[in-house]
Number of protein chains: 2
Amino acid sequence: MTVRTIELREPVMARNNEIAGTVRNRLAAAGVPALNLVSSPGSGKTLLLERTLAALSDELRMAVVTGDVQTQNDADRLARHTTRLVQAVVTGGACHLDAKQVDVALEAIDLAATDLLFVENVGNLVCPASWDLGEDAKVVLFSVTEGEDKPLKYPKVFRQAKYAVLTKIDLLPYVPFNVEQALGFAREVNPDLAFFRTSALTGEGLDTWFNFLRQLTRRPAPV
Amino acid sequence: MTVRTIELREPVMARNNEIAGTVRNRLAAAGVPALNLVSSPGSGKTLLLERTLAALSDELRMAVVTGDVQTQNDADRLARHTTRLVQAVVTGGACHLDAKQVDVALEAIDLAATDLLFVENVGNLVCPASWDLGEDAKVVLFSVTEGEDKPLKYPKVFRQAKYAVLTKIDLLPYVPFNVEQALGFAREVNPDLAFFRTSALTGEGLDTWFNFLRQLTRRPAPV
């Protein structure tokens, strides 16, 4: 059954990868690094982005494309923290964003006046792992309320990601969650994963995340 | 893009619904009510089932089919609380269980000696909504750490479900979460939804859930 579904989807996937290549070239030509944020529903993608926009909007020109199955709630939340346009994509049932949607969303974004692009994917730890959106890196978020074994149970997205953000660390005193075990499981699946530990509520760990974003947008010195 | 994916999947879906019908008839003939538990990864499906098996195994003969993308962790966890077989289905990438997998899993279950069947779906709020597994009812779980708007953002699964379980209510003092607003959003999407509020950690609300299960398995008096 699984195999059959994948076969049927192959032409769609091939077309997606082709468009993702175009998106990647476009972003590279404009010198805009792009992060594709992926997580379960409610792991804190939007809140991390809200904090990021609020903290860094004066120094970095950040664009956001945010996807949801329904509602533009996330786009509305994010728009409060930036004067720039937040592009909302409503997938209307699809369990992930695709490259075409990002490609279309980029039409409304002035890449020449953008330092960094965030793509906030649909809340889902399975489907987005299979869809290249032309990003430089996937960032997988998971919260301390979700249990340590998420990297083992959803290995593909942890393997695809370059960065992992452990969110809601302010709740650690109240939940049975072993941080070292969770990071160990993530490393088992992907030894190259770099970790952040954040609480968007208390602000803990956000400085490290912000510094990472600053580094990411540092253009090479002109020759 | 979305439409194209759905079109390609139509024959697969039609076949699934046919098998789901067979499963439903089989369960009805044996008088076994079946609940299909759906939620985000880490919302607490497995822990609720662990508590349920531990508390009710002396009075109800419960069978469990549990699905995961990878690992049999959930099945192992559940097996500790029951002497009965826990059927693990590893989807190997698929974002939901399908009726065929449940149909095959039922081969190993003695339905004549079963009072209640739980199907624990893959952690995902999108895909499982579209797949009938032959259950009597879908039960959607969401935790107080996920934010109030999940019913609006993932309306299909809340519309498909008969029951909703708000989990991890022990964390309410530590998270910004308005219970009435969340239940209001869920009712907007599905006015017929019945609610449970539980903490599998402290046990709060579990008695109501257990009583509901007892009711569900009460066979009609013989004529």
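If you go through segment B:47-80, how many residues are free of Cβ contacts under 8 Å to residues at least 60 places away in the same chain and outside any helix (DSSP H, G or I)? Full working, then the answer.
Pass one, segment B:47-80, residues free of Cβ contacts under 8 Å to residues at least 60 places away in the same chain: B:53-54, B:57-58, B:61-80.
Those still in the list that are outside any helix (DSSP H, G or I) too: B:57-58, B:61-72, B:80.
Within segment B:47-80, residues that are free of Cβ contacts under 8 Å to residues at least 60 places away in the same chain and outside any helix (DSSP H, G or I) number 15.
Suppose the filter is touching a residue at least 24 places away in the same chain (Cβ under 8 Å), in contact with an Asp or Glu (Cβ under 9 Å, 6 or more places away or on another chain), crowded, with 24+ Cβ neighbours inside 10 Å and acidic (Asp, Glu); does residue B:146 pass it?
So residue B:146 does not fit the description; no.
Residue B:84 - would you say it is among the basic types (Lys, Arg), farther than 30 Å from residue A:92 by Cα and crowded, with 18+ Cβ neighbours inside 10 Å? Spell out how you get there, then give the answer.
Details: among the basic types (Lys, Arg): yes; farther than 30 Å from residue A:92 by Cα: yes; crowded, with 18+ Cβ neighbours inside 10 Å: yes.
So residue B:84 passes the test.
Out of B:191, B:176, which single residue is more than 22 Å from residue B:68 (Cα to Cα), more than 14 Å from chain A (Cβ to nearest Cβ) and in a loop (DSSP other than H, G, I, E, B)?
None of the others qualify; the one that does is B:191.
With respect to the numbered conditions (1) touching a residue at least 60 places away in the same chain (Cβ under 8 Å); (2) touching a Ser or Thr at 6+ places or on another chain (Cβ under 6 Å), which one is the sole condition not fulfilled by residue A:203?
Condition (2) is where residue A:203 drops out.
Yes or no, residue by residue, for (1) modelled with pLDDT of 95 or more; (2) within 14 Å of another protein chain (Cβ to nearest Cβ); (3) in contact with a Cys (Cβ under 8 Å, 6 or more places away or on another chain):
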{"position": "A:8", "(1), (2), (3)": "no, yes, no"}
{"position": "A:11", "(1), (2), (3)": "no, yes, no"}
{"position": "A:16", "(1), (2), (3)": "yes, yes, no"}
{"position": "A:29", "(1), (2), (3)": "yes, no, no"}
{"position": "A:32", "(1), (2), (3)": "yes, no, no"}
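In the set B:86, B:102, which member is under 26 Å from residue A:148 (Cβ atoms) and of a type in the set (A, V, I, L, M)? Can you show your working first?
Values: B:102 fails: under 26 Å from residue A:148 (Cβ atoms).
That would be B:86, the only listed residue that is under 26 Å from residue A:148 (Cβ atoms) and of a type in the set (A, V, I, L, M).
I want to confirm something. Restricting to segment B:91-128 and keeping residues that are more than 10 Å from chain A (Cβ to nearest Cβ) and polar (S, T, N, Q), which single residue is farthest from residue B:67 (Cα to Cα)?
B:114
Just to be sure before I move on: is residue A:146 within 14 Å of chain B (Cβ to nearest Cβ) and either of a type in the set (Lys, Arg) or out of contact with any strand residue (DSSP E or B) (no Cβ under 7 Å at 6 or more places or on another chain) (or both) in the structure I sent? It would help to see each step written out before you state the result.
Working: within 14 Å of chain B (Cβ to nearest Cβ): yes; either of a type in the set (Lys, Arg) or out of contact with any strand residue (DSSP E or B) (no Cβ under 7 Å at 6 or more places or on another chain) (or both): yes.
Considered against the rule, which asks whether it is within 14 Å of chain B (Cβ to nearest Cβ) and either of a type in the set (Lys, Arg) or out of contact with any strand residue (DSSP E or B) (no Cβ under 7 Å at 6 or more places or on another chain) (or both), residue A:146 comes out as yes.
Suppose the filter is crowded, with 17+ Cβ neighbours inside 10 Å, more than 9 Å from every other protein chain (Cβ to nearest Cβ), assigned to a loop (DSSP other than H, G, I, E, B) and charged (D, E, K, R); does residue A:135 pass it?
yes
Within segment B:117-139, how many residues turn out to be touching a strand residue (DSSP E or B) at 6+ places or on another chain (Cβ under 8 Å) and either under 17 Å from residue A:125 (Cα atoms) or among the basic types (Lys, Arg) (or both)?
In the first step, residues of segment B:117-139 are kept if they are touching a strand residue (DSSP E or B) at 6+ places or on another chain (Cβ under 8 Å); the result is B:117-125, B:128-129, B:133-139.
The next check asks that each one be either under 17 Å from residue A:125 (Cα atoms) or among the basic types (Lys, Arg) (or both); those that pass are B:120-125, B:128-129, B:138.
Final tally of qualifying residues: 9.
So residue A:83 clears everything in (1) more than 17 Å from the chain's Cα centre (by Cα); (2) modelled with pLDDT of 95 or more; (3) assigned to a loop (DSSP other than H, G, I, E, B) except one condition, right? Which one?
The single condition residue A:83 does not satisfy is (2).
Taking the criterion of being of a type in the set (S, T, N, Q) and under 12 Å from residue A:34 (Cβ atoms), would at least one residue in segment A:107-120 satisfy it?
Narrowing segment A:107-120 to residues of a type in the set (S, T, N, Q): A:114.
Right, trim to under 12 Å from residue A:34 (Cβ atoms) and you get A:114.
Yes, segment A:107-120 contains a residue that is of a type in the set (S, T, N, Q) and under 12 Å from residue A:34 (Cβ atoms).
Go through segment B:96-149 and report how many residues are closer than 24 Å to residue B:212 by Cα and of a type in the set (Phe, Trp, Tyr). Working first, answer last.
The first filter runs over segment B:96-149 and keeps only residues closer than 24 Å to residue B:212 by Cα, leaving B:102, B:106, B:109-123, B:125, B:128-129, B:132-144.
Next, only the ones that are of a type in the set (Phe, Trp, Tyr) stay: B:118, B:142.
Looking only at that region, the number is 2.
Quick one: which residue in A:217, A:167, A:198 is more than 19 Å from residue A:34 (Cα to Cα) and in contact with an Asp or Glu (Cβ under 8 Å, 6 or more places away or on another chain)?
Working: A:217 fails: more than 19 Å from residue A:34 (Cα to Cα); A:167 fails: in contact with an Asp or Glu (Cβ under 8 Å, 6 or more places away or on another chain).
None of the others qualify; the one that does is A:198.
If residue A:44 satisfies every condition in (1) in contact (Cβ under 8 Å) with a residue 40 or more places away in the chain; (2) more than 24 Å from residue A:157 (Cα to Cα) but one, which is the exception?
Only one criterion is unmet by residue A:44, namely (2).
Name every residue in segment A:97-115 that is in contact (Cβ under 8 Å) with a residue 12 or more places away in the chain and over 29 Å from residue B:40 (Cα atoms), in order of residue number.
A:106, A:108, A:109, A:111, A:112, A:113, A:114, A:115
Have a look at A:152, A:183, A:171 and point out the one that is outside any loop (DSSP other than H, G, I, E, B), within 19 Å of the chain's Cα centre (by Cα) and either at pLDDT 95 or above or surrounded by 24 or more Cβ atoms within 10 Å (Cβ to Cβ) (or both). If you could, list the steps in order and put the result at the bottom.
Details: A:152 fails: within 19 Å of the chain's Cα centre (by Cα); A:171 fails: within 19 Å of the chain's Cα centre (by Cα).
That would be A:183, the only listed residue that is outside any loop (DSSP other than H, G, I, E, B), within 19 Å of the chain's Cα centre (by Cα) and either at pLDDT 95 or above or surrounded by 24 or more Cβ atoms within 10 Å (Cβ to Cβ) (or both).
Which of the residues belonging to segment A:186-215 are buried (at least 16 other Cβ atoms within 10 Å of the Cβ), of a type in the set (A, V, I, L, M) and over 24 Å from residue B:145 (Cα atoms)?
Result: A:189, A:193, A:213.
The values are calculated or read from the model by the stated rules, or taken from the named source; none is laboratory data. In this text the structure is predicted, and so the values were computed from the model without any measurement. Note: ideal-geometry Cβ built from the backbone for every residue, glycine included; neighbour counts use all protein chains shown.
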